[in-house]
Amino acid sequence: MKILVTGGCGYIGAHTIIDLLENDYEIVNIDNNSRSTTQHINAIENQFGKKIKNYTIDLCDKAAVKSVFEQEKNIEGIIHFAAFKAVGESVQIPLEYYRNNLVSQINLLELVEEFGIKNFVFSSSCSVYGNTTELPVTELTPRQEAESPYGNSKRIGEDMIRDVAKVSKNNFIALRYFNPIGAHPTACIGEIPYGPPQNLQPVIMETALGKRQLLKVFGNDYPTRDGSCIRDYVHVMDVAHAHTLALKYLVENKNEDNYEVFNIGSGDGVSVLEMINAFEKTANQKLNYEIAERRAGDVVAVYADNAKTRKSLGWEPQYSLDDMMLSAWEWNKKLT
Ligand code: WQD
């Protein structure tokens, strides 16, 4: 069964391609490598001995994307990862984020209808919940005003799918990721930050490797158990497998509606200070950190109620926080 992946050269896309290959899917990938290289595709082909048809195309170029749909017959489903995703950067260049993330998605959704692609899985984000006080969040928790143009582009992306689904015979799922971290257990692929990393996990790794002098904890005066922000960290391989299960759910016509949303989070809230302790314990190495000012746009706490995903998709997170830390550490020690 042939699956079209967009953004498969990226962090979550590449890990999902591995899970899809292990489930005997045939992969076609479209990526413009604006924020990635083909390093992960090459590593996957070498590690698993399976070919991935890779098109280096910009999804904003509809004619080019359409030519892929014309060449690649019998696409059973699309998993759409490709997007810019740096929250801070999106505040600085909002129109580039809206153009890139929304025009690419509009092109794809038009081609889904034109070519009758039955199944579409969209990479969404827990950032659509904003600074909610209703915790843990379920898929019915009202979405709040997004904290950034990035988060807003995901919210608009969900709304476009919701509205298309009302007049489409095809089936759509949005997966709301919480905080994917970690790397493949073989360390053949992992997260490769584009530019100086902003996210906690890569910053922990850079600090531990001496690439960064100090890790700043953005605030310890929040109303949480230790004063630092709480997030739901989930292993990237668990996130990857959720995509395979979401595709199977649609292909096997188990969906109750032709647009459904699922939380992809471990369900465990972990604070920044607890993440630092988890790394120090797992790697048996002290981290150089200090408490700094709060970061604009940060939500106090967000973590998932993943009961719907477990029940409907049969998804069971397999990896622990220690697995996340250790796999990320093994991968980062390989990064030059
Ligand atoms: C986590 C916590 C920071 C860096 C990310 C993505 C977003 C979405 C959700 C996919 C926060 C603190 C961080 C540092 C720190 N994912 N921190 N010092 O903000 O939850 O959002 O996951 O769509 O796209 O950006 O993740 O890792 O940036 O921050 O104290 O140097 O770590 O304040 O509390 P975030 P993050």
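The values are calculated or read from the model by the stated rules, or taken from the named source; none is laboratory data. Keep in mind that this is a model prediction, so the values were computed, not measured. All Cβ positions, even for glycine, are placed from backbone atoms using ideal geometry, and neighbour counts span all protein chains on display. All accessible areas refer to the heavy atoms of the entire protein, side chains included, with ligands and DNA or RNA removed. Shrake-Rupley method; radii C 1.70, N 1.55, O 1.52, S 1.80 Å.
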> What does the convex hull of the Cα atoms of segment 210-312 come to per residue, in Å³, rounded to a whole number?
Replying inline: 146 Å³
>> Test of understanding: extend the Cα→C-beta vector of Ile291 to 7 Å, then name every residue of segment 268-285 with backbone N under 14 Å from that spot.
In response: 272-274
> Among the lysines, which fall within straight-line cross-link reach of Lys2, defined as a Cα-Cα distance under 22 Å, with same-chain neighbours fewer than 8 residues apart omitted?
Replying inline: Lys50, Lys51, Lys53, Lys62, Lys66, Lys73, Lys118, Lys169, Lys248, Lys254
>> Using only DSSP helix segments of four residues or longer, with each worth -39500 (n - 2.57), what per-residue ellipticity at 222 nm results for the chain after dividing by its residue count and rounding to 500?
In response: -11500 deg cm²/dmol
> What's the extension gain from Glu76 to Gln92 if we count 0.36 nm per residue and subtract their Cα-Cα distance?
Replying inline: 2.0 nm
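If you roll a 1.4 Å probe over the chain with all protein chains in place, what percent of the accessible area is carbon or sulfur?
Exposed carbon and sulfur together represent 49 percent of the surface.
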> Distance in nm between label sites at Asn46 and Gln318, each 7 Å beyond Cα in the beta-carbon direction?
Replying inline: 2.4 nm
> With every protein chain in place, what's the accessible area of Arg212 (1.4 Å probe, Å², nearest 10)?
Replying inline: 70 Å²
>> Could you tell me the center-to-center distance, by alpha carbons, between segment 283-331 and segment 75-127 in angstrom?
In response: 24 Å
> If amide H atoms are built 1.01 Å from N in the plane of the peptide, which residues on other chains or at least 5 residues away come under 5 Å of the amide H of Val217?
Replying inline: Glu290, Ile291, Ala292
> Which value does Rg/Rh take for segment 42-166 over its C-alpha atoms, Rh per Kirkwood?
Replying inline: 1.02
> Of Asn263, Asn220, Asn171, which is the most mobile in a GNM of the chain whose springs link Cα atoms less than 10 angstrom apart?
Replying inline: Asn220
>> Before I look further, what does segment 219-294 give for accessible area per residue, probe 1.4 Å, in whole square angstrom?
In response: 42 Å²
> What's the FRET efficiency of Asn277 with Leu214 using the Cβ-Cβ distance as r and R₀ = 22 Å, to the nearest 0.05?
Replying inline: 0.85
>> Can you tell me the convex hull volume per residue for the chain, based on C-alpha atoms, in Å³ to the nearest whole number?
In response: 123 Å³
> Under the definition of Cα pairs under 8 Å and six or more residues apart, what whole-number percent is the relative contact order of segment 68-120?
Replying inline: 58 percent
> Hey, quick one: spin label on Lys2, modelled 7 Å out along Cα-Cβ, who in segment 37-53 has an amide N within reach, i.e. under 14 Å?
Replying inline: 52-53
> Using +1 on the beta carbon of Lys and Arg, -1 on that of Asp and Glu, and nothing else charged, what's the dipole of the chain about the Cα centre, debye to 20?
Replying inline: 360 debye
>> Relative contact order for the chain: what percent, with Cα pairs under 8 Å and sequence separation of 6 or more?
In response: 20 percent
> What is the calculated FRET efficiency for Met160 to Asp61, with r their C-beta to C-beta distance and R₀ = 22 Å, to the nearest 0.05?
Replying inline: 0.70
> So what does log10 I(q)/I(0) come out to for segment 111-172 at q = 0.13, 0.26, 0.27, 0.28 Å⁻¹, using the Debye formula with one equal point on every Cα and no solvent?
Replying inline: -0.42, -1.07, -1.11, -1.15
> Can you work out the FRET efficiency for the pair Asn284 and Gln198, with r the C-beta to C-beta distance and R0 = 30 Å, to the nearest 0.05?
Replying inline: 0.70
>> If I ignore ligands, DNA and RNA and count only protein heavy atoms, how much of Arg176 is accessible to a 1.4 Å probe, in Å² to the nearest 10?
In response: 10 Å²
> Which value, in debye to the nearest 20, gives the size of the charge dipole of segment 127-268 about its Cα centre, when Lys and Arg are +1 and Asp and Glu are -1 at the Cβ?
Replying inline: 340 debye
